[in-house]
Amino acid sequence: MGFYIIYRHHSGAVSEHWHTGTLGDAPRINPETGLTYVPINKAGDSMVGYLTLNEEPVEDKHASTKHYVDAATESISKIYIHEQEVPLDVWTVEHNLDIYPSVTVVDSAGSVVIGELTYVSRNELLIKFTSSFAGRAFLN
């Protein structure tokens, strides 16, 4: 069983199409654009092709574009570990992360050490301590 669908395009042209499905899955015409579309049911239907999103998400369960996720997580993936092998009381750290990172310092025994942090640029920082020691600085 089937039926004819008659389309009147926004250009004024008329065309016919034999549809073998049901009226519920019959193509429709968007009155604003004149483009044909087939509605998709919220449950049980499938879609072939790309889903294009027209804006960034504003609610918790909205879909997100790859660009949105990449931009939101860009700084998360930037890490740098500075190895200070020579004991010094001032460490110069060139990290090339192009950010002002958070910094955690540990000595060679693994204990966290607090120092005075100065950002020289988005790619370099200085850490001053009360005494010289070797260790690591973790930047992210």
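The values are calculated or read from the model by the stated rules, or taken from the named source; none is laboratory data. Owing to the predicted nature of the structure, the values given are computational and were not obtained by experimental measurement. Note: ideal-geometry Cβ built from the backbone for every residue, glycine included; neighbour counts use all protein chains shown.
Structure above, values below:
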| read-out | value |
| --- | --- |
| Asn96 surrounded by 13 or more Cβ atoms within 10 Å (Cβ to Cβ), closer than 19 Å to Ile76 by Cα and in contact (Cβ under 8 Å) with a residue 24 or more places away in the chain | no |
| Some residue of segment 100-109 being assigned to a loop (DSSP other than H, G, I, E, B) and free of Cβ contacts under 8 Å to residues at least 12 places away in the same chain | yes |
| Test: Ala63 is part of a strand (DSSP E or B) and among the aliphatic types (A, V, I, L, M) | no |
| Every pair of residues 6+ apart whose Cβ atoms lie under 7 Å, when the first sits in segment 66-86 and is not assigned by TED's automatic domain parsing to the domain that holds Val106 and assigned to a helix (DSSP H, G or I) while the second is among the acidic types (Asp, Glu) and at pLDDT below 90 | Tyr68/Glu56 |
| Residues located in segment 108-118, provided they are within 32 Å of the chain's Cα centre (by Cα) and surrounded by 13 or more Cβ atoms within 10 Å (Cβ to Cβ) | Leu117 |
| Selected residue (criterion: modelled with the highest pLDDT) from residues of segment 35-77 that are in contact with a strand residue (DSSP E or B) (Cβ under 8 Å, 6 or more places away or on another chain) and not hydroxyl-bearing (Ser, Thr, Tyr) | Leu35 |
